[in-house]
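Following: one structure in structure tokens, then a few remarks.
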Ligand code: GAR
């Protein structure tokens, strides 16, 4: 069975969705490690409650992003991690790190990429006044929020939408779409090109 690590920086509601789906047998891989760059990330508690090993490394203890990422990679290698899932990991991976796991890092982003890249996508969409919002699940490459897209889902933003309700709706879509994509990845159903991802046997 393949072993994967989930990277979190905050609440970890997407991590929870992945834990639940893995436990239910929908993701046929072992969630072997939860890594965080923030000691206070609530996602770490979720991992502990689920009996999953955790690792925390804080960037402030490292001279450069490169040395930080090298240390993470060393731990992942030791733990025989096959692929990585970024679930609200709010730090950009160095190109060196991405090269260690080519086409083996999956990310969830709370907008319809390539619109609203970056760390505040939900707020940015709300402030911009979009009529359609959504979620993107993609493979990570060496450019931020720019890798080949696995799935996207959109919905109409109502006139009564608040930032809070938009946030809630985006998270609900993420929690449905993200585990589905990870499962397809694990089952070898994704043909990942430089720009496009083909999904085999899509039901
Ligand atoms: C999610 O909405 C995820 O899409 C977003 O952070 C949130 C984490 O929530 N990620 C990014 O913005 C990446 N650029 P969670 O900790 O509850 O899963």
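Bear in mind these aren't lab numbers, they're just calculated from the coordinates by the rules spelled out. On a predicted model such as this, the values are computed, not experimentally measured, just so you know. All Cβ positions, glycine included, derive from the backbone under ideal geometry; neighbour counts span all protein chains shown.
Return 83, 68, 155 ranked ascending by Cβ neighbour count within 10 Å, so the fewest neighbours appear first. Mind showing how you got there, number by number?
Values: 83 18, 68 21, 155 14.
Ordered from fewest to most neighbouring Cβ atoms within 10 Å, 83, 68, 155 come out as 155, 83, 68.
Is the shape of the chain rounded, prolate or oblate, going by the alpha carbon gyration tensor and its root eigenvalues a ≥ b ≥ c, with a/c under 1.5 for rounded and a/b larger than b/c for prolate? If you can, show how the numbers build up before the last one.
Values: a/c = 1.45, a/b = 1.29, b/c = 1.12.
Since a/c stays below 1.5, the shape of the chain is classed as rounded.
In degrees from 0 to 90, rounded to the nearest 10, what is the angle of the helix 13-23 Cα long axis to the longest principal axis of the chain?
Helix 13-23 and the main axis of the chain meet at about 60 degrees.
Once the Cα atoms of helix 65-78 and of the chain are each reduced to a long axis, what angle between those two axes, in degrees from 0 to 90 to the nearest 10, is obtained?
70
For residue 1 and residue 58, compute 0.36 nm times the residue count separating them, minus their Cα-Cα distance, and round to one decimal in nm. Let's see the in-between values first.
Working: separation 57, 0.36 × 57 = 20.52 nm, distance 2.98 nm.
Between residue 1 and residue 58, full extension yields 17.5 nm more.
Going by C-beta contacts inside 10 Å, put 140, 6 in order with the fewest on the left.
On the way: 140 25, 6 28.
Least crowded to most crowded, the residues run 140, 6.
Just from its helices, what would the mean residue ellipticity at 222 nm be for the chain, if runs of 4 or more DSSP H residues each count -39500 (n - 2.57) and the sum is divided by every residue, rounded to the nearest 500 deg cm²/dmol?
Details: 6 runs with 71 residues, N = 203.
Theoretical 222 nm ellipticity from helices: -11000 deg cm²/dmol.
Pairing the Cα long axis of helix 163-186 with the longest principal axis of the chain, what angle in degrees results, from 0 to 90 and rounded to the nearest 10?
The two axes meet at around 50 degrees.
Expected output is a single nm value to one decimal: the length gained when fully extending between residue 91 and residue 146, i.e. 0.36 nm times separation in residues minus the C-alpha distance. What is it?
Values: separation 55, 0.36 × 55 = 19.80 nm, distance 1.48 nm.
Once the chain is fully extended between residue 91 and residue 146, it gains 18.3 nm.
Using Cα pairs closer than 8 Å and at least 6 residues apart in sequence, work out the relative contact order for the range 114-203, in percent.
Details: 103 pairs, mean separation 24.4, N = 90.
The value is 27 percent.
Using packing as a proxy for protection, rank 156-164, 128-136 so that the peptide with the highest average count of other Cβ atoms within 10 Å comes first. The partial results should precede the final answer.
Details: 156-164: 11.1, 128-136: 17.6.
The peptides rank, most packed first, as 128-136, 156-164.
So what is the relative contact order of the chain, in percent, for Cα pairs below 8 Å that sit 6 or more residues apart? Could the numbers behind the result be given before it?
Working: 370 pairs, mean separation 39.4, N = 203.
Relative contact order for the chain comes out at 19 percent.
Springs between alpha-carbon atoms under 10 Å, Gaussian network over the chain: tell me which of 106, 170, 92 tops the mean-square fluctuations.
Greatest mean-square fluctuation among the candidates belongs to 92.
Could you put 61, 138, 175, 109 in order, starting from the residue whose Cβ has the fewest other Cβ atoms within 10 Å? Can you show the working numbers first?
On the way: 61 9, 138 22, 175 18, 109 25.
Lowest count first: 61, 175, 138, 109.
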